[in-house]
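Take a look at the structure below.
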Amino acid sequence: MEKAKISKAGVPYLHFGSGEPVVLIHGLGEVKEGWQNQYELADQYELIIPDLRGHGACTKTDGISIQNFAADVISLLKELEIRSVHILGLSMGGAVAQEIYRQAPDLCRSLMLISSFHYLPNIIKALLLKKHKAKFEALSVKGKQIDYLSRMALFSWKKDTVEKFADIFKPKQQIFIKSFEACLEVNNLTLLPMVNIPTLIIGSQYDSVLPVWIQARMHKLIPHSEFIILRNTGHIAKLEAKDRFNQLLRKFLNQQTLAS
């Protein structure tokens with residue numbers, strides 16, 4: 001197990017491997033260790049894997065917002081003196097990746113947006129607030145939270161898959177709700193057409209959290225982006241389809257390395 005470090009700004013992170021740097025940004029309620037299946041990429045790339053504000057081991061709980069999540073990652077990269085990096089984000093982490101591009105476009109070498117989103121229409125926001133926020137607030141028992149959320153996020157509900165999900169998904173109720181509300185405020189409709197770096201967008205066939213039509217729309221907005229749908233997996237493809245997922249990342253990253 002890689003040993004975590006803490007930045008001067010209080011951001012816990014993992015940092016190992018060699019090659020071009022790649023930041024892996026987890027999703028809502030997740031922790032940095034949720035990228036364990038991707039640690040193997042360290043044989044080709046320098047991996048930087050932070051806990052977002054309020055998540056995992058990060059004790060900073062004020063100012064929960066997509067903007068502050070991004071600013072924290074940018075601050076960490078500056079501290080590490082990394083001037084150009086591939087940014088990979090899953091779900092909410094993909095929204096953070098987009099915000100990093102907004103705040104520091106020259107820092108971004110490429111974007112990888114996995115099962116993510118750029119904007120949620122008001123009708124969808126209302127449905128999400130009504131259905132999921134109230135449900136999560138009512139689930140005070142951790143085991144029940146995991147059971148409910150795993151059935152949303154996973155395609156396979158096999159015992160071992162659910163247990164692995166429970167290892168990487170460790171929501172703190174109030175942070176989770178505040179982060180969820182921050183996601184509803186994301187609006188990158190005008191940002192995405194200005195993205196001028198290589199961008200890989202991956203959706204999952206059976207994603208019931210953020211359906212593939214959302215990623216398809218992102219693909220239409222980002223010039224020259226690449227869009228791939230992973231079959232037979234849910235919202236957490238990095239867990240359910242590890243080998244296919246990692247192969248896609250390697251292919252995309254290797255293309256950028258050859259192009260540089």
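So is residue 93 of a type in the set (Gly, Ala, Ser), in a strand (DSSP E or B), in contact with a helix residue (DSSP H, G or I) (Cβ under 9 Å, 6 or more places away or on another chain) and touching a residue at least 40 places away in the same chain (Cβ under 8 Å) or not? No, not satisfied.
So in segment 29-64, with the set limited to residues that are over 16 Å from the mean Cα position of the chain (by Cα) and not in a loop (DSSP other than H, G, I, E, B), which one is surrounded by the most Cβ atoms within 10 Å (Cβ to Cβ)? Selected residue: 45. Residue 76 satisfies every condition listed in (1) within 20 Å of residue 3 (Cα to Cα); (2) more than 13 Å from the chain's Cα centre (by Cα); (3) in a loop (DSSP other than H, G, I, E, B) except (3).
Going by the structure shown, is residue 246 over 16 Å from the mean Cα position of the chain (by Cα), within 27 Å of residue 104 (Cβ to Cβ), of a type outside the set (Lys, Arg) and modelled with pLDDT of 95 or more?
Details: over 16 Å from the mean Cα position of the chain (by Cα): no; within 27 Å of residue 104 (Cβ to Cβ): yes; of a type outside the set (Lys, Arg): yes; modelled with pLDDT of 95 or more: yes.
Criteria not met by residue 246.
Restricted to segment 159-186, and to residues there that are assigned to a loop (DSSP other than H, G, I, E, B) and more than 18 Å from residue 67 (Cβ to Cβ), the residue that is modelled with the lowest pLDDT is 171. Kindly indicate the residue of segment 8-28 that is open to solvent by 10 Å² or more (accessible area, probe 1.4 Å) and under 22 Å from residue 65 (Cα atoms) and also modelled with the highest pLDDT among those meeting that condition. Per the stated criteria, the residue is 13. Determine whether residue 246 is of a type in the set (S, T, N, Q), in a helix (DSSP H, G or I) and in contact (Cβ under 8 Å) with a residue 12 or more places away in the chain. Yes, satisfied.
For the subset of segment 88-102 comprising residues that are open to solvent by 10 Å² or more (accessible area, probe 1.4 Å) and more than 8 Å from the chain's Cα centre (by Cα), which member is nearest to residue 207 (Cα to Cα)? Checked segment 88-102; the qualifying residue nearest to residue 207 (Cα to Cα) is 99. Considering only residues in segment 208-222 that are β-branched (Val, Ile, Thr) and within 19 Å of residue 153 (Cβ to Cβ), the one that is least open to solvent (accessible area, probe 1.4 Å) turns out to be 214.
With respect to the conditions (1) in a loop (DSSP other than H, G, I, E, B); (2) within 25 Å of residue 21 (Cα to Cα); (3) among the aliphatic types (A, V, I, L, M); (4) within 17 Å of the chain's Cα centre (by Cα), residue 209 lacks only one, and its number is (2).
Going by the structure shown, is residue 136 assigned to a loop (DSSP other than H, G, I, E, B) and either modelled with pLDDT under 65 or touching a Phe, Trp or Tyr at 6+ places or on another chain (Cβ under 6 Å) (or both)? Spelling it out, it is not the case that residue 136 is assigned to a loop (DSSP other than H, G, I, E, B) and either modelled with pLDDT under 65 or touching a Phe, Trp or Tyr at 6+ places or on another chain (Cβ under 6 Å) (or both). The residues listed here are 228, 197; of these, the one that is open to solvent by 10 Å² or more (accessible area, probe 1.4 Å) and assigned to a loop (DSSP other than H, G, I, E, B) is 197. Each residue in segment 158-191 was checked for being of a type in the set (Ser, Thr, Tyr) and surrounded by fewer than 16 Cβ atoms within 10 Å (Cβ to Cβ), and 1 pass.
Here 203, 234 are screened, and the one residue that is modelled with pLDDT under 90 and open to solvent by less than 30 Å² (accessible area, probe 1.4 Å) is 234.
The values are calculated or read from the model by the stated rules, or taken from the named source; none is laboratory data. What you see is a predicted model, and the numbers here were worked out from it, not measured in a lab. For neighbour counting, all protein chains shown are included, and Cβ atoms are generated from backbone atoms with ideal geometry for every residue, glycine included. Side chains are part of the model used for accessible areas, which takes the heavy atoms of the whole protein and leaves out ligands, DNA and RNA. Shrake-Rupley method; radii C 1.70, N 1.55, O 1.52, S 1.80 Å.
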